[in-house]
Structures are given as C-alpha cells and as structure tokens.
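**Q** The structure's right below; bear with me while I get my questions together.
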Amino acid sequence: MEWKNIINKGIIETDAVIAFFVVLLMVFLMINSLNFAVNKNQETKNLFYLKTKAIYFADSLVKNSNQEKPEKGIAVYNKEKKRVEENVIDLNLVEKIDEENFPELLKEIRIEFEEKEIRIGEKKGNCFEARRLVMMETGEKGVVFVYACN
Amino acid sequence: MPAIKEKGFSFTLEALISLTVLILIISIPIEENKSDLTKIYSIQKENDLIKVWIKEGKFNEQEIKKDFKKMFPFQKGEIEFEGKKIEVKGVKGKNIIKNSGFYYKNEKLNEISVKVFI
C-alpha cells in the first residue's frame, strides 16, 4: 500500500468502524442484561432462603417440645397423653431459650400475649418475619414472631 | 462524511443466521426462582387459626375477626362455621387458599373453614 493511499483513505474503513461499534454496543447490552438477570436471581434466592428459614424455625418452634434445646421447640408436652400439644406454648421452655444457641440466621423470637411481651434476641439488617397464632398453657391466645435476618 | 465504500464490513448469509441464533439464545430471559412459600405459609397460619379456635371453643365473631387480622393483616378472608359466614375485609387476591377442621359441639360434628384471598 502506498503512503498516499493510506493518508487519503485511512487504515480502517468507515463502515468497518461503524460495524465494530454496533457489535461492541450489542455485546455491551447483552452482558449488561445478563448481569442484571443474574443479580436479580441472586436477590430472589437470598430472600427465598430467609423466608424458608423464618417459616421453618417458626413451624418447628410451635410444633415441637425440646427440653434440652428449647430454640427448636417450645410446645407443651402432655405427659398423660404422651404427645406434644401443637400450638400450645410452654412458658417454662420459653424462659430457657438462650440466644447463643440460635441456629444460623435466626435473630429474634418474640411472643406477644394479652398485654405481655417476651423478646429473645434482637433483629438486625434485612429480616423476614414469620408469625404463628398460639395458645399459652394458661389459656390466653398469643402470637409467636420469628425473625430470620441476613 | 465520506461515502460508505463498496468494499466494507459484510457478513455471509450463514454468519448472519448463526449470529441471529446466538443473539436469540443470549436474549432468552433467565428464569426467575419461582419457588414460592406463600401458599404453605398461609396454610400453616390457617391451620393455627382453626386449631386455636377449636381448642378455645368460644367461636366469638369479634375475636375470630381479630385473630384473622393478626395472622393476615392485609388479606381478605371468609370464615364459615355452624351455618354462619364471617367476612374479613382486606385485599382480595386472585388465589384462594381454603382449609377446614372439624370439632364436636353438643355431640354434633361441625366443620369450620377458613378462606384467604392471596
């Protein structure tokens, strides 16, 4: 190629430059949309994980009776019938709950009944709340709130 | 602006087809995680309501409404028992989740059902 031609015409043709930028833009748009979709999916997954934890903790709490690890179940155990009374809360077990033994992501358990409130732990950050209607041993109705937080 | 040269950047038909297919594949939206716990969570809460009301045995209309609101603060609901129908005002969602339980009263088997519009 002669120098004159290079100076007059340039090294890269205009249509090639246009096509190059069009392809570049398309690649950018594709990567951007892919990145957005992946991030969105990750957020949904995180929220789903939190929800799962809170809902399952709450379910375990009101359906099981665990004397050694009351964080896993605070329902009343009926010795006469030899069975756990689901949704009936044993306040002695509630007193034994230790925040230190909370499973991963479980940050707070709150029990509201009549005018009273029992709170164990403290919720922080992004949390999901699961609530369950229960009865106390004494016959009062109450609500158990369970918070799973990131 | 200089005129576009005849000899330019061009694709063959095969290249165009393959590029179009590639773009179409990449453009397919990634499926969101649609696993939803709303249904199972609502069923659990409905079960709680039924269990507690049956254990309590009062079936007081005002208390039933109050308890329902505690569990479903924003949703519309319907509770049916002993021929009565209690409506709780709220947002009427497209999906209906219904649950029922049975209890004895005056030596008669009764049914109580809770319906939530999610």
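**Q** What is the local net charge at A:Leu105, summed over the other residues whose Cβ is closer than 12 Å to its Cβ (Lys, Arg +1; Asp, Glu -1)?
**A** Numbers: positive: A:Lys51, A:Lys53, A:Lys107, A:Lys123, A:Lys124; negative: A:Glu104, A:Glu108.
With Lys, Arg at +1 and Asp, Glu at -1, the net is +3.
**Q** Please list B:38-45, A:20-27 highest first by mean number of surrounding beta-carbon atoms within 10 Å per residue.
**A** On the way: B:38-45: 17.0, A:20-27: 11.1.
The peptides rank, most packed first, as B:38-45, A:20-27.
**Q** Can you list the DSSP H helices in chain B whose Cα atoms extend at least 18 Å along the helix axis and whose mean Kyte-Doolittle hydropathy is 0.5 or higher?
**A** Answer set is B:13-27.
**Q** Something else: Compute the helix-to-body angle for A:14-63: its Cα long axis versus the longest principal axis of chain A, expressed 0 to 90° and rounded to tens.
**A** 0
**Q** Ranked by Cβ crowding within 10 angstrom, fewest neighbours first, how are A:Leu50, B:Leu24, B:Leu37 ordered? Please report the intermediate quantities before stating the final value.
**A** Details: A:Leu50 20, B:Leu24 9, B:Leu37 16.
In increasing order of surrounding Cβ atoms, one gets B:Leu24, B:Leu37, A:Leu50.
**Q** Also, I was wondering about something else. In nm, what is the difference between 0.36 nm times the number of residues separating A:Glu114 and A:Lys69 and their Cα-Cα distance?
**A** 13.6 nm
**Q** Something else about it: Which residue, B:Ile64, B:Ile54, B:Ile28, has the most motion in a Gaussian network model of chain B that connects Cα atoms within less than 10 Å?
**A** Of B:Ile64, B:Ile54, B:Ile28, the Gaussian network model singles out B:Ile28 as fluctuating most.
**Q** Give me a single rounded figure for A:120-133: the average over its residues of other chain Cβ atoms within 10 Å of their Cβ. Provide the component values of the computation, followed by the final result.
**A** Values: counts 0, 0, 0, 0, 0, 0, 0, 0, 1, 0, 4, 7, 7, 14.
Whole-number average of other-chain Cβ neighbours for A:120-133 is 2.
**Q** Given a Förster radius of 30 Å and the C-beta distance between B:Ser100 and A:Glu137 as r, what FRET efficiency does 1/(1 + (r/R0)^6) yield to the nearest 0.05?
**A** Rounded to the nearest 0.05, the efficiency is 0.65.
**Q** Tell me the mean residue ellipticity at 222 nm calculated for chain B from its helices only (DSSP H runs of n ≥ 4, each -39500 (n - 2.57), averaged over every residue, nearest 500).
**A** After summing the helix terms and dividing by residue count, I get -12500 deg cm²/dmol.
**Q** Taking every residue in B:53-60, how many Cβ atoms of other protein chains lie within 10 Å of its Cβ, on average? Before the final figure, lay out the partial values.
**A** On the way: counts 2, 0, 7, 4, 0, 0, 0, 0.
Shielding by partners across B:53-60 averages 2.
**Q** Suppose every Lys and Arg Cβ carries +1 and every Asp and Glu Cβ carries -1, with no other charges. What dipole size does chain B come out with about its Cα centre, to the nearest 20 debye? Don't skip to the answer; put the middle values down first.
**A** On the way: 22 positive and 17 negative charges, 93 e Å.
The dipole of chain B has a size of about 440 debye.
**Q** Moving to a separate point now. At 7 Å along the Cα-to-beta-carbon direction for both B:Lys108 and A:Arg83, put a label point, then send me their distance in nm to one decimal.
**A** Computed distance between label sites B:Lys108 and A:Arg83 equals 2.6 nm.
**Q** Pop a pseudo-label 7 angstrom from the Cα along the beta-carbon direction at both A:Val22 and A:Lys40 and give the gap in nm to one decimal.
**A** Using points 7 Å along Cα→Cβ, the separation is 2.8 nm.
**Q** Considering every Cα-Cα pair within chain A, what fraction, in whole percent, is farther apart than 18 Å?
**A** Counting pairs separated by more than 18 Å, the tail of P(r) holds 67 percent.
**Q** Let me ask something else about it. In the neighborhood of A:Val143, defined by Cβ-to-Cβ distances under 12 Å, what is the net charge if each Lys or Arg adds +1 and each Asp or Glu adds -1?
**A** Value of the local net charge: +2.
**Q** Sticking with this structure for a sec: Could you pull out every residue, at least 5 positions away or on a different chain, whose amide H is within less than 5 Å of the one on B:Ile118? Hs are placed 1.01 Å off N in the peptide plane, and Pro or chain starts have none.
**A** Counting only residues 5 or more places away or on other chains, the set is B:Gly93, B:Asn95, B:Ile96, B:Ile97.
**Q** Provide the three semi-axes, in whole Å and in decreasing order, of the ellipsoid equivalent to the protein assembly as shown as defined by the square roots of 5 times the Cα gyration tensor eigenvalues.
**A** On the way: eigenvalues 796, 109, 40 Å².
In descending order the semi-axes read 63, 23, 14 Å.
**Q** Next up: So how far apart, in nm, are the two label points at B:Lys65 and B:Thr38 if each is 7 Å from Cα heading toward Cβ?
**A** 2.6
**Q** Normalising by the residue count of chain A, find the relative contact order in percent from Cα pairs under 8 Å and 6+ residues apart.
**A** In percent, rounded to a whole number, it is 20.
Every read-out reported here was derived from the displayed coordinates using simple, explicitly stated rules and does not represent laboratory data. Note that this is a predicted model, so its numbers are computed, not measured. A quick note on method: Cβ atoms are made from the backbone with ideal geometry, for glycine too, and the neighbour counts reach across all protein chains shown.
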